[in-house]
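> Have a look at the structure that comes next, please.
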Ligand code: GLY
């Protein structure tokens, strides 16, 4: 294990709680900014605005931080990693140039095309006329994506041209996602089953993490609108051979492409992959940070020197030793607020939030008000358990998720049942 370090984790969601939990387990001193109430026993919580680089530099100096882990995409896309590096700070997370892989769908699709990385055929449109022309040209089932960040909601899967035209108008004319939808990508829909593969990179090599499978829609049976993710299973459903194909055919060419484009990428490459029925992996998208809630189920299985891997990647020297994985299966069940994803209720009191030896409650959207725990976001908790198999992990996670008292709470009952 690396010698104890002081690590600043930026963010306040379930992903960051899981990162803090895992790093603290190895004896590191953790500062979380701004953090959340669930981290209070694991980390020193410090108020901060994540796009205020000067404030973060001051926190680093005050708490003698060894390195910074940036959790969410917004500060990465805003160039906070660049600002911290310019101040001489060691940072895990790509600069604004690399974060464009997530921050701009147009950039990422053009990057894939330029570097021969298999992805669905696509067109870019900034006007309704161009959108309609692209829809007519591509034909069949399509996916319409807002170019910029849209909290996981900017992707509309369309079964016919009429739906695609509606989605284009919703984004380009009605400005459903504001400036993020000022340009859209229209691409052919690839049928298959999705898997999330995350890899840590120093810009040259990869440390590939165990796969995970997300459950993106709000309702059981993959029904209803998309959310940020309602639950995950780790490992995902793919075979070792399939995972090798993802690494060889998608991830490694991406690292080579980043190098060819002069992008020094130090952080997570999170590939959203569609495995076609014939076993071919297609790259749907990249995220430039750990997945949420993939990270919750990944962290409870991750063994080895995690801080050493993050620190090595941040310095551009990923260690050769690698990570290992606990046997069994991890399941994360999201407990979401009433009204999520469209209009989540916030400020509701919460009771019975207790981790057990068998399941950990990661806080995602909570706050303390008048000394009491209240909801403060759409996804409120990610209850995560490791079991000998998916059934045991599900039993353990749901046993705790079901005891949480939150008015109108929503949770899918089919996490891990695919
Ligand atoms: N689980 C989806 C995401 O992290 O974007």
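What follows draws every value from the coordinates through simple rules; no lab data is involved. Please read these numbers as outputs of a predicted model, since none were measured by experiment. Reconstructed Cβ throughout: ideal geometry from the backbone, glycine too, with neighbour counts over all protein chains shown.
> Per residue, what volume in Å³ does the convex hull of the Cα atoms of the range 339-418 enclose?
It comes to 83 Å³ per residue, whole-number rounded.
> What are the radius of gyration and Dmax of the range 154-301, computed over its Cα atoms and given in Å?
16.4, 45
> OK, next. Enter the mean projected area of the convex hull around the alpha-carbon atoms of the range 276-418, in nm², rounded to one decimal.
Orientation-averaged projected area of the Cα hull: 11.6 nm².
> Same structure again: Treating the range 72-223 as a set of equal point scatterers at the Cα positions, no solvent, please give the Debye-formula log₁₀ I(q)/I(0) at q = 0.12, 0.17, 0.20 Å⁻¹.
Log10 I(q)/I(0), no solvent term: -0.60, -1.11, -1.35.
> Which value in Å does the Kirkwood hydrodynamic radius of the range 186-257 take, with 1/r averaged over all unlike C-alpha pairs and then inverted?
13.9 Å
> Using just the helices of the chain, give the 222 nm mean residue ellipticity in deg cm²/dmol: DSSP H runs with n ≥ 4 each add -39,500 (n - 2.57), and the total is spread over all residues, rounded to 500.
Theoretical 222 nm ellipticity from helices: -8000 deg cm²/dmol.
> Using only Cα atoms, locate the centre of the range 91-112 and the centre of the range 343-377, then give the distance between them in Å, rounded to an integer.
About 33 Å separates the Cα centre of the range 91-112 from the one of the range 343-377.
> Find the relative contact order for the chain and round it to a whole percent, using C-alpha pairs within less than 8 Å whose residues are 6+ positions apart.
16 percent
> Using a simple spin-label model with points 7 Å from Cα along the Cα→Cβ vector, what separation in nm is obtained for residue 137 and residue 3?
Taking the simple label geometry, residue 137 and residue 3 are separated by 5.9 nm.
> Applying a 10 Å radius around every beta-carbon, put 224-232, 254-262 in order of their mean neighbour count, most first.
Result, highest mean Cβ count within 10 Å first: 224-232, 254-262.
> Apply the Debye scattering formula to the chain, with a single equal point scatterer on each alpha-carbon and no solvent, then give log10 I(q)/I(0) at q = 0.14 Å⁻¹.
These q points yield log10 I(q)/I(0) values of -1.36.
> Going 7 Å from the Cα of residue 417 in the Cα-to-Cβ direction, what parts of the range 227-241 have a backbone nitrogen less than 19 Å from that spot?
Residues 227, 229-234, 237 fall inside that zone.
> With viscosity set to 0.890 mPa s at 25 °C, what whole-number translational diffusion coefficient in µm²/s follows for the range 250-356 from Stokes-Einstein and a Kirkwood radius over Cα pairs?
So the translational diffusion coefficient is about 140 µm²/s.
> I need to check one value: relative contact order of the range 54-212, counting alpha carbon pairs closer than 8 Å and at least 6 residues apart, in percent.
On the way: 248 pairs, mean separation 28.1, N = 159.
Relative contact order of the range 54-212: 18 percent.
> Whole number please: convex hull volume per residue of the Cα set in the range 1-47, in Å³?
58 Å³
> Calculate the length of the line joining the C-alpha centroid of the range 150-172 to that of the range 218-297, in whole Å.
That distance is 22 Å.
> Continuing with this model, one more query. Any number yet on Rg/Rh for the range 102-168, C-alpha, Kirkwood? The partial results should precede the final answer.
Numbers: Rg = 11.8 Å, Rh = 12.4 Å.
Rg divided by Rh gives 0.95.
> Next up: Below 8 Å between Cα atoms, with a sequence gap of 6+, how large is the relative contact order for the range 39-124 in percent?
This gives 20 percent for the range 39-124.
> In whole angstrom, and with the biggest value first, how far do the Cα coordinates of the range 138-217 range along each principal axis?
Principal extents (Cα only, largest first): 42, 28, 24 Å.
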